[in-house]
Structures are given as C-alpha cells and as structure tokens.
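In what follows, a single structure is set out as structure tokens and then discussed.
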Amino acid sequence: MPTKLLSRYQLGGLALPNRLVMAPMNRNRATDLALAPSALMTKYYVQRASAGLIISEGTPISPQARGCARTPGIYSEAQIAGWKRVTKAVHDAGGRMVLQLWHVGRVGHSSLRVDRSPPVGPSGICLEHDKVPTLDGNDEPVLVRCDPPRALGTEEVKAIVADFAQAARNAMAAGFDGVEIHAANGYLFDQFRCPYLNDRADEYGGTLENRWRFLLETVDAVTQTVGKARVGVRISPLGTAHEMRTDPDPLLTYGHLACELDRLGVGYLHVYDQSGSWIHDPQSDLLEHLRACYPYAMILCGGFSLERAHAALQSDHADLIAFGKHFISNPDLVERLRIGAPLAPWNPKTIYKGGATGYIDYPTLEEEALSEP
C-alpha cells in the first residue's frame, strides 16, 4: 500500500526514491588484518540498495576510536579502498550511502589496539558492568569487561576533531555520498555531553555549552571539509546504553544542540530512541522541541513499523524513518512494505557472529518464491 514512506525526498543534493533509511548497525564482518571492508560486506550492502538511504555501520575514525573486534575503519589506504568497492557496488545498484564516523570513547578494551593503549574518555570514570567483543586466542569473538579509560587532555580532544575531519575526507575519497557523526548511544560525544561523566575543568567541561563544544567543533570541522549538506548527526536523547544516565534536563540539553546544528546548517539530524517508546508519542515534548529547533531534514529511528512510520511522517515529526533489524532479515524491505508482504524475523545469535550466515543469506521475496517446490 503506497504511503508517504514510499514517496520521494530530496536530502541536500541526494534524490531519494523513498523515505526508508537503513539504520547504522554494527555487524563485525571485517576479518582481515587491515580491518578493511570485505567482499561479504559489499554483497550485504548491495542487497539493501533499494533503501532510500543506507547509513553504514559505525566506522572507527582512528585506531584509538575502536571499541569492537572486526569493525572496519576509515583511517588507512586499505580501508578506503575496501569502502570504495562497497560504494561503487551500491551506486551501481542504484543506491545511496553515507558513512557513520565513530569514536567509542571509554567503551573499549586495550586488546583492540596494536599498542595495547587503554580506552579514552572525558574522565577516568570506568564502566562497571559493560562488556565489548574482542577476539580470543582462536580469533573467535568473546565478550570482556571494558578497561578503565584514560582522561583525554585538552590538546588530545582537539586532535580528535582533526581525526574526524580527516576521516570525512577519507569517506569522500571512498565514494560515499556523505557522512554521519555518531553522537549517540553512550559513545565519546555522548560521554562529553553527560554531566555525570564529564568532570573536566577545561573548555570541554562544566557548562552545557562546554560539554557540547567537542561535538560542535567536530561538526564545524567536518562540514568545512565535505560541505554542510553532506553531514548528518545522530543523537539518542534519554538513552541509557553503555551505562549512561538520562540527562537531567533533556529539553534544554538537546534543544541547545538542535539550535546549534541549525546554525551550522547540517544536512540532517538523526534521532534514535533506544526504548522505542517516546518517539512514537505524538504529544512528546522532546520530539516537538527538537522539531521546532531544527528545521532541516530529520530522521527518526526506534521500533518503527509501517503504521508507526506512516503516523510519524503524517504528523510532520519526521521526514525520513530509519529501520534497523528489519533491514537485517529483509534485504528487500522496501518492496515488502510496498506490497504489504510479511516481514522475515532476524536471528539475534548471528548479528555479530561473523561469516555469511545471518548476514547475506536472508532471502528476498523473489528468492523465496524460486525456492518453493
């Protein structure tokens, strides 16, 4: 059944054939020593090229930025070349794709870096229970407790701003249509935003303006590198992933950020509700406030069905809707929603497992029909 979800949308210089966005999802399939995208990853993204826009999995901007085993980076020539094969194949299949730029901050383990350096963050406050995937002696994924982080120095923060700008430049060299700065889910920028974690006395701590300074300097540097229309920012208001605590004044905190992103003129704001709850409330004060503060393209993500997506678009709370796990198990999600076909369930055991199973072997409707006796 055609809906606004399936209508065209102009996102900066990108003409999207529909308003379905494939959400960024880590799949941990970069298996070579260079941590470069593989042929398996190319096939995975091409299978889903009918999405209006694909946002790549979180991609570390530097060796320091890593927080999970087997995540592809964007800081070496081999990684740029690997991503170039992905983007060319996606474009050849008629798709559009942006790269999510990622620094995990304190969420990590020293074994994920060649120099065995610890994770870094706004402070030395450690996660108490959280675990991250590393590799055991047989190169098999295993969950381990996060190492205590080291607090970044002021000049180190500024150096990371430059790392993001270089990563954005690398993404353009790899053929992406734009970049998304990951400021959600308890990672580095979210940690600096958090008044419970950020106990700094320098220009990046204390006041609300100072706690957002790191992200906004990064956004400014990235937009100057690749152009405003090519840059998006992802946030997760009220999120508690990786032992984060809910912001004490989310309307003020995220309203301030939204107004600043409006001032900087970024191409889109990507709002993720980890709980899949408040984002579906048409009377949500936070959602209405974000929409009022930021007049450009807004992507909403978090527990959307076809009906909920239609309602959000009709209410003008969103311009685009991001689907995550539905895209894992339904490479032809756009077609399934268009004709009202059933959606295939995903297998949670294979999301991060590695290999082709649960990655590129979910069939399309056409493939299902051909396999029937």
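Computed quantities for the displayed model
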quantity: Residues satisfying the stated conditions in the range 250-302, i.e. without any contact (Cβ under 8 Å) to a residue 40 or more places away in the chain, more than 15 Å from residue 239 (Cβ to Cβ) and of a type in the set (D, E, K, R); calculated: 262, 263, 281, 285, 288, 291
quantity: Count of residues meeting criterion [touching a helix residue (DSSP H, G or I) at 6+ places or on another chain (Cβ under 7 Å), among the charged types (D, E, K, R) and assigned to a loop (DSSP other than H, G, I, E, B)] in the range 244-267; calculated: 1
quantity: Of all residues making up the range 10-28, the number that are more than 18 Å from residue 326 (Cα to Cα), modelled with pLDDT of 95 or more and either part of a loop (DSSP other than H, G, I, E, B) or within 18 Å of the chain's Cα centre (by Cα) (or both); calculated: 2
quantity: Selection status of residue 229, closer than 25 Å to residue 173 by Cα, among the hydrophobic types (A, V, I, L, M, F, W, C) and in a helix (DSSP H, G or I); calculated: yes
quantity: Per-region count, the range 187-201, residues in contact with a Leu (Cβ under 6 Å, 6 or more places away or on another chain) and part of a loop (DSSP other than H, G, I, E, B); calculated: 0
quantity: Residue 213 being surrounded by fewer than 24 Cβ atoms within 10 Å (Cβ to Cβ), of a type outside the set (A, V, I, L, M) and touching a Phe, Trp or Tyr at 6+ places or on another chain (Cβ under 6 Å); calculated: yes
quantity: Selection within the range 273-283 - surrounded by fewer than 22 Cβ atoms within 10 Å (Cβ to Cβ) and part of a loop (DSSP other than H, G, I, E, B); calculated: 274, 275, 276, 277, 281, 282, 283
quantity: Selection status of residue 270, assigned to a loop (DSSP other than H, G, I, E, B) and crowded, with 20+ Cβ neighbours inside 10 Å; calculated: no
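The values are calculated or read from the model by the stated rules, or taken from the named source; none is laboratory data. Just so it is clear, the structure is predicted and the values come from calculations on it, not from any experiment. So basically every Cβ, Gly included, is an ideal-geometry build from the backbone, and we count neighbours across all protein chains shown.
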